[in-house]
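Colleague: Encoded as C-alpha cells, here's the structure I'll be asking about.
The values are calculated or read from the model by the stated rules, or taken from the named source; none is laboratory data. This structure is a prediction, so every number in the text was calculated from the model and none was measured. Cβ sites come from the backbone with ideal geometry, for glycine too, and all protein chains shown count toward neighbours.
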Amino acid sequence: MSVNQLSFFALFFLSVILYYCVPRKCQWMALLGISLLFYHLMGVDNFIYVLVTAGTLTWTTGKMYQIDCCLEEELKNAPAKLTRSEKKEKKAQAKSRKKRWLLCMIFINLGILLVLKYGDFFVHNANRILGVFGIDGMNKLGLVVPLGLSYYTLQAIGYALDVYKGKSVPEKNPCKVLLFVTFFPQMTQGPIGRFGELAPQLYVGRTFSYKNLSYGCQRILWGMMKKTVIADNLRPLATGIFHQYKTVDGFTLFMACIYTTFQIYADFSGYSDIVCGIGEIYGIRMEENFTQPFFSKSLSEYWRRWHISLSSWFRDYIFYPASISKSAVSFGKFGGRFLPPRISKMFPAVFALSLVWISTGLWHDASWRYILWGAANGAIIISAIILKPQFDAAKAKLHIREDGGLWQVFCMIRTFLIVSLLKVFPGAGSTIGSLRIFKKIFFDFHPALDYTLWFMDMESYRLIYAAIGLVLFLIVSILQTKGKVRDFLAAKPVVVRWAVYLFLLSLIMFMGAFDSTAIGGFEYAQF
Amino acid sequence: MMREELMEILERLRPELEFEKEDKLIDDGILDSFDLVSLIGEINDSFDVEVSFDDIEPENFNSVEAMLALITKLQEEE
C-alpha cells in the first residue's frame, strides 16, 4: 500500500475518525496503532528492526540523560566549592560516559543500516577484488531492506545526538519513542523529523479543527496533482529514453535529463505535500522539504532548498562535527604548509563537505553511480567556493551586476541545467551506462529541429497533461515566493475555493496517470 | 577588545554585512554553513578557545552579542 492509493485514503479517513473520537490523552496511542497498522500494510513485516531502533533509542538516551542529571546533582551538592579545573574534569568524565552510550546507539542502528542496505554492495565489490586473485567469492546476503530504513535510522540518530548535546530531554516511554520512529506519513520517505519539533506534537492531545482539515485536504490534492499529472505522466518518457540510451543521440538523452528533473521533483515534492497534508489533518506540522529549488542561483543554494530535512541533517550531524574535528583541523594545518592561507583555511570545511557528499551519494543507493553522483555534486560546490575570488574578478571585468535580473535568471537556468545533467546518474541503470550517457551528451550532441523527436514515441496526450501540470506548478511556485498561497485562497469566497478544489480533483481524475510501478509508489521510497 | 577582534574577523569573513544590526544571522541564512565553519576556526585561533559540536547552535551565532557570550563562556571554562 502506498500513500497515493485509494485504499490508503479510505483507511486514513477511518483513522482520522478514530483519532478524534478517542480521549485526548489516548490520541498518541491511537496514532501509534494506526502507524503500526500502516507499516504492516505497506508490506513491511520487519517489525523487529523498528523495535530495535526504538528500544536502543529509549535505553541509550535515558542513560545519557541520567549522566547529565547526576553531574548536575554532584556539582550542586559538592561539600566544598569545586575549583574550575575540578569542575572541568567532572564534566569531561560525564561527557566521555555519554559518548560511550551515544556510540553504542549509533553502532547498533548504523550497523543494521550498513548490513541490510550495503552488505551486498560490499560483498559484490569484495568478490570482484577476490576474483582478480583467483579466489572464490562470498555468497550475497540477499537481505530484505525494510521500507524507510534510511529515513528512520537518521531520524533516530539525530534524536540521540540532540540528547547527547543536551538539546533535547529524552522520552522515557518506549511506546512514545516507537511512535516517533514509526509515525506513518513520514515513515517511507521522510521528512526526517527532529525530536524537539515533531515529538511534542505527536504526544499532545488535540480537538478537531475544520481549518486543519480543509488546509490538509488542499495540500493532499495539490500533492496528488503533482504526483499523478506531472510525475506519472513524465515517468515513462524519462525512463524510456534512458533505457534506449544505446540507440538515441546525446540531445535526446539530455532532454531525458530535463524530464527526469521535473519528474523526480513532482514525485518527491508531491509526496511531501501529501504527507504534510495528512499531518495537518491530525494537527501536526511536519517539516517542509522543499522551498522552490528551481529558483536557486547556485548548486549549494539548490541543496539548501531541496530535500531540506536530509541536507540539514547532514549539515548538523556530519558537516559541523566533521569540519571542527581534530582530523579536519590537522588536515587544514597540513594544507597550510604548501598552500595560500585562504585555501588552507578552507581545508577543514572542504574535508567535511567531501565526507557529506560521499555519504549523501551512499545514502541514496549502495552503488558506484550514486557515489559518483555525490562526488560530482561535492566537486562542483567545492570548486565554486575555492574559485569564488576568480569568479568575482571575472564578473567585475565583465561589468556584471550581481543583483541584475538578467544575471539572476542566467544563474537559475545554469543551476537547473547542472542539476539536470547530474540526473544521468540516477536515470541510467548502471555506472557504466551513466558514463556512456555522459559521453553521448558531450560528444554526440545533435540538437533535433524536429520537435517530435524530443518526445520519442510517447503518447502526445501525456505530454500535454504533464505540460499543463507544470505550467500550473510554475505559477503556484512564483506566487509562493510572494506570499502564502493557501491563506490567499482561504480569503476567497466559498464558490471560488470549491471551484479550485474541483479543478484540481478533475485534473487528477482525468489527466492523472496513476503509475505505481516505482517502489512504494514513489521514487524516493527506494532509498 | 574582544568585541573589536571579533568584529575584525566578521568583517574579513563577509565585508558586505553590517553585523551589529543583525540578530538572526543563522536563522535567516545570512551566514551559511561554510561561513560558520570558517568563523569557528577563526574564533578558536584568535581567542584560544575550542568551540565544540555542542556549541554549534543557531542561538550561539545569531548575533555579535551571542558570539561574545559564547566566547566568554568558553574562556571561563578553559
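Colleague: Based on what the data block shows, is A:Leu237 in a helix (DSSP H, G or I), outside the structural domain of A:Lys25 (by TED's automatic domain parsing), touching a residue at least 24 places away in the same chain (Cβ under 8 Å) and surrounded by fewer than 24 Cβ atoms within 10 Å (Cβ to Cβ)?
Modeller: Yes: the conditions hold for A:Leu237.
Colleague: Also, quick follow-up: Can you confirm whether the stretch A:406-425 contains a residue that is within 14 Å of chain B (Cβ to nearest Cβ) and either more than 25 Å from the chain's Cα centre (by Cα) or without any contact (Cβ under 8 Å) to a residue 60 or more places away in the chain (or both)? Please lay out each step first, then the result.
Modeller: Here is the first cut: in the stretch A:406-425, the ones within 14 Å of chain B (Cβ to nearest Cβ) are none.
No, every residue in the stretch A:406-425 fails to be within 14 Å of chain B (Cβ to nearest Cβ) and either more than 25 Å from the chain's Cα centre (by Cα) or without any contact (Cβ under 8 Å) to a residue 60 or more places away in the chain (or both).
Colleague: Go through the stretch A:477-488 and give me each residue that's farther than 17 Å from A:Leu221 by Cβ and modelled with pLDDT under 85. Spell out how you get there, then give the answer.
Modeller: Within the stretch A:477-488, the subset farther than 17 Å from A:Leu221 by Cβ is A:478, A:481-483.
Selection gives A:Thr481, A:Lys482, A:Gly483.
Colleague: For the stretch A:182-206, give me the residue count where each residue is assigned to a helix (DSSP H, G or I) and either among the small types (Gly, Ala, Ser) or within 20 Å of A:Phe8 (Cα to Cα) (or both).
Modeller: Looking only at the stretch A:182-206, we keep the residues that are assigned to a helix (DSSP H, G or I), and these are A:182, A:184-187, A:195-203.
Still in the list and also either among the small types (Gly, Ala, Ser) or within 20 Å of A:Phe8 (Cα to Cα) (or both): A:182, A:184-187, A:196, A:199.
Looking only at that region, the number is 7.
Colleague: Still on this model: For the stretch A:367-423, enumerate the residues that are out of contact with any Ser or Thr (no Cβ under 8 Å at 6 or more places or on another chain) and charged (D, E, K, R).
Modeller: A:Lys388, A:Asp392, A:Lys395, A:Lys397, A:Arg401, A:Glu402, A:Asp403, A:Arg414
Colleague: Within the set of pairs 6 or more residues apart or between chains, which connect a residue that is assigned by TED's automatic domain parsing to the domain that holds A:Lys167 inside the stretch A:58-81 to a residue that is crowded, with 18+ Cβ neighbours inside 10 Å and of a type in the set (Lys, Arg) with Cβ atoms less than 6 Å apart?
Modeller: These pairs meet every condition: A:Met64/A:Lys98; A:Ile67/A:Lys98.
Colleague: A follow-up question, please. Just one of (1) crowded, with 16+ Cβ neighbours inside 10 Å; (2) in contact with a Phe, Trp or Tyr (Cβ under 7 Å, 6 or more places away or on another chain) trips up B:Phe34, so point out which.
Modeller: (2)
Colleague: Let me ask something else about it. Residues in the stretch A:351-384 that are modelled with pLDDT under 90 and assigned to a helix (DSSP H, G or I): how many?
Modeller: 1
Colleague: Among the residues that make up the stretch A:82-96, is at least one of them charged (D, E, K, R), away from chain B (no Cβ under 14 Å), surrounded by fewer than 18 Cβ atoms within 10 Å (Cβ to Cβ) and over 24 Å from A:Ser312 (Cα atoms)?
Modeller: Restricting attention to the stretch A:82-96, the residues satisfying the condition of being charged (D, E, K, R) are A:84, A:86-91, A:95.
Add one more test, that the residue is away from chain B (no Cβ under 14 Å), and what stays is none.
The answer is no, given that none of the residues of the stretch A:82-96 is charged (D, E, K, R), away from chain B (no Cβ under 14 Å), surrounded by fewer than 18 Cβ atoms within 10 Å (Cβ to Cβ) and over 24 Å from A:Ser312 (Cα atoms).
Colleague: Now for a separate question. Tell me yes or no: at least one residue of the stretch A:466-476 is at pLDDT 85 or above and closer than 23 Å to A:Lys211 by Cβ. Give the derivation first.
Modeller: First, the residues of the stretch A:466-476 that are at pLDDT 85 or above: A:466-476.
Filter once more, so that each one left must be closer than 23 Å to A:Lys211 by Cβ: A:476.
Within the stretch A:466-476 (the criterion being at pLDDT 85 or above and closer than 23 Å to A:Lys211 by Cβ), the answer is yes, since at least one residue qualifies.
Colleague: Has the stretch A:284-307 got any residue that is closer than 28 Å to A:Glu197 by Cβ, buried (at least 21 other Cβ atoms within 10 Å of the Cβ), touching a Pro at 6+ places or on another chain (Cβ under 8 Å) and within 14 Å of chain B (Cβ to nearest Cβ)?
Modeller: Scanning the stretch A:284-307, I find at least one residue that is closer than 28 Å to A:Glu197 by Cβ, buried (at least 21 other Cβ atoms within 10 Å of the Cβ), touching a Pro at 6+ places or on another chain (Cβ under 8 Å) and within 14 Å of chain B (Cβ to nearest Cβ), so the answer is yes.
Colleague: Would you mention how many residues in the stretch A:308-346 are more than 11 Å from chain B (Cβ to nearest Cβ) and not hydrophobic (A, V, I, L, M, F, W, C)?
Modeller: 8
Colleague: Take the residues in the stretch A:97-113 that are crowded, with 16+ Cβ neighbours inside 10 Å and of a type in the set (A, V, I, L, M, F, W, C); name whichever of them is nearest to the other protein chains (Cβ to nearest Cβ).
Modeller: Selected residue: A:Leu102.
Colleague: Any chance the stretch A:145-157 includes a residue that's touching a residue at least 24 places away in the same chain (Cβ under 8 Å), at positive phi and not hydrophobic (A, V, I, L, M, F, W, C)? Lay out the reasoning, then the answer.
Modeller: Of the residues in the stretch A:145-157, the ones touching a residue at least 24 places away in the same chain (Cβ under 8 Å) are A:145-157.
In the following step, the residues that additionally are at positive phi were identified as A:148.
After this cut, where a residue has to be not hydrophobic (A, V, I, L, M, F, W, C) as well, the list is A:148.
Yes, the conditions are met somewhere in the stretch A:145-157.
Colleague: Are any residues in the stretch A:21-58 over 26 Å from the mean Cα position of the chain (by Cα) and surrounded by 17 or more Cβ atoms within 10 Å (Cβ to Cβ), and if so, which ones? Break it down stepwise before answering.
Modeller: Here is the first cut: in the stretch A:21-58, the residues over 26 Å from the mean Cα position of the chain (by Cα) are A:21-27, A:29-30.
Scanning the stretch A:21-58 gives A:Gln27, A:Ala30.
Colleague: Okay, moving on. Given the residues A:Leu110, A:Leu102, which is the only one that is assigned by TED's automatic domain parsing to the domain that holds A:Ala156 and in contact with a Phe, Trp or Tyr (Cβ under 7 Å, 6 or more places away or on another chain)? Explain how you work it out, then say what you get.
Modeller: Numbers: A:Leu110 fails: in contact with a Phe, Trp or Tyr (Cβ under 7 Å, 6 or more places away or on another chain).
Result of the check over A:Leu110, A:Leu102: A:Leu102.
Colleague: Among the listed residues A:Thr261, A:Thr252, identify the single one that is more than 14 Å from every other protein chain (Cβ to nearest Cβ), farther than 30 Å from A:Gly405 by Cα and either out of contact with any strand residue (DSSP E or B) (no Cβ under 9 Å at 6 or more places or on another chain) or touching a residue at least 12 places away in the same chain (Cβ under 8 Å) (or both).
Modeller: Numbers: A:Thr261 fails: farther than 30 Å from A:Gly405 by Cα.
One residue alone meets the criteria, A:Thr252.
Colleague: With (1) free of Cβ contacts under 8 Å to residues at least 40 places away in the same chain; (2) touching a Phe, Trp or Tyr at 6+ places or on another chain (Cβ under 7 Å); (3) of a type in the set (A, V, I, L, M, F, W, C) as the list, and B:Ile71 as the residue in question, which single condition is left unmet?
Modeller: Tallying (1) free of Cβ contacts under 8 Å to residues at least 40 places away in the same chain; (2) touching a Phe, Trp or Tyr at 6+ places or on another chain (Cβ under 7 Å); (3) of a type in the set (A, V, I, L, M, F, W, C), B:Ile71 fails exactly one: (1).
Colleague: Quick check on the stretch A:163-177: of everything there that is buried (at least 22 other Cβ atoms within 10 Å of the Cβ) and within 17 Å of A:Leu31 (Cβ to Cβ), which residue is farthest from the other protein chains (Cβ to nearest Cβ)?
Modeller: Once the filter is applied, the top-ranked residue is A:Val177.
Colleague: So which residues in the stretch A:121-136 are aromatic (Phe, Trp, Tyr) and more than 11 Å from A:Ala366 (Cβ to Cβ), if there are any at all? Spell out the reasoning first.
Modeller: Residues of the stretch A:121-136 that are aromatic (Phe, Trp, Tyr), as a first pass: A:121-122, A:133.
Across the stretch A:121-136, the qualifying residue is only A:Phe133.
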